[in-house]
Amino acid sequence: MQEEINKHTKKIYKAMKNQKHTLSEKVKEIIIEIFIIVFAVSLSIWLHSWSEHRHEQKEANKFLKELKEDLSADIKLLEENKNTATMLNNNYKFMLSLKKNKVNDSLIGPHTTFSLLGTSFNIGRYEGFKSSGKIGTIEDDKLKNKILSYYQQTIPNLISSVNFINAEQLKILDIDAGSLALYDVYTTQKMQSKYSNLQFNTNSLIAVYEEAIKQVNEIITESKTEK
């Protein structure tokens, strides 16, 4: 490209120095050469931009295709966690009902077990794409905003809620009941307060899981890649 510009620049210079041509002829030749230079430069810029945009879209499409795999794995974790949270919540409800209904310890035992919820979401690919400044290459703004919302808001909120619930469960497990009957242990004001707190937060968490699953399914459905 630079050679072409130099070539036509020399022609302009020669046209200006040409004593055989009239002023109008010189102006005409100069205008033609300038037009050629401007056209060549504009075409080069357009081709470069087109090539760069095409490359960006290939990368974006590759990212979206691979992101579907991560999200499919996330859905499994979300579904498992939601089911576990529902099971835990049923246990919490049972424990809170003890104040009104006295039952044998043998019936209480199965409801005293806890399960720690997982937070191993697949965020590496997203973080890498975002840190490279390429999120903006996703042209579908609606899809892009859903991806950002899931990774920047939903996942951090889930992790925060899960960590809190896991920590509260572990605190209950650390309580030394000594020789007290299970009914006496779990009907104390302290225990009932802890279970009430757990139930409230777990109810909220289940709703967040449902919303997260909905988000992920929408992202997978709306992700379109070049074939």
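Here are a few things to note about the model shown:
- Beta carbons closer than 9 Å, at least 6 apart along the sequence or on distinct chains, pair a first residue in segment 67-88 that is more than 19 Å from Ser223 (Cα to Cα) and of a type in the set (S, T, N, Q) with a second that is at pLDDT below 95 and surrounded by fewer than 16 Cβ atoms within 10 Å (Cβ to Cβ) for Asn81/Gly118; Asn81/Thr119; Thr84/Ser115; Thr84/Leu116; Thr84/Gly118.
- Residues located in segment 160-170, provided they are loosely packed, with under 15 Cβ neighbours inside 10 Å and under 11 Å from Gly118 (Cα atoms): Asn163
- Residue list for segment 58-88, restricted to those being aliphatic (A, V, I, L, M) and in contact with a Lys or Arg (Cβ under 9 Å, 6 or more places away or on another chain): Ala60, Leu64, Leu67
- From the options Lys171, Lys190, Lys144, residue that is closer than 30 Å to Phe129 by Cα and either at pLDDT below 95 or outside any helix (DSSP H, G or I) (or both): Lys144
- Test for Ser196: is it more than 25 Å from Pro110 (Cα to Cα) and either free of Cβ contacts under 8 Å to residues at least 60 places away in the same chain or in a helix (DSSP H, G or I) (or both): no
Rundown of residues vs (1) of a type in the set (Ser, Thr, Tyr); (2) closer than 23 Å to Asn197 by Cβ; (3) assigned to a helix (DSSP H, G or I); (4) at pLDDT below 90, yes/no style:
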{"site": "Lys76", "(1), (2), (3), (4)": "no, no, yes, no"}
{"site": "Leu96", "(1), (2), (3), (4)": "no, yes, yes, no"}
{"site": "Gly118", "(1), (2), (3), (4)": "no, yes, no, no"}
{"site": "Lys130", "(1), (2), (3), (4)": "no, no, yes, no"}
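- In segment 176-227, residue nearest to the chain's Cα centre (by Cα) [restricted to those that are of a type in the set (Lys, Arg) and closer than 23 Å to Thr113 by Cα]: Lys194
- Thr86 meets the stated requirement of being of a type outside the set (A, V, I, L, M, F, W, C), assigned to a helix (DSSP H, G or I) and either surrounded by 13 or more Cβ atoms within 10 Å (Cβ to Cβ) or modelled with pLDDT of 95 or more (or both).
The values are calculated or read from the model by the stated rules, or taken from the named source; none is laboratory data. Remember, it's a predicted structure, so these values are computed and weren't measured experimentally. Don't worry about glycine lacking a Cβ; one is built from the backbone with ideal geometry, like all the others, and counts go over all protein chains shown.
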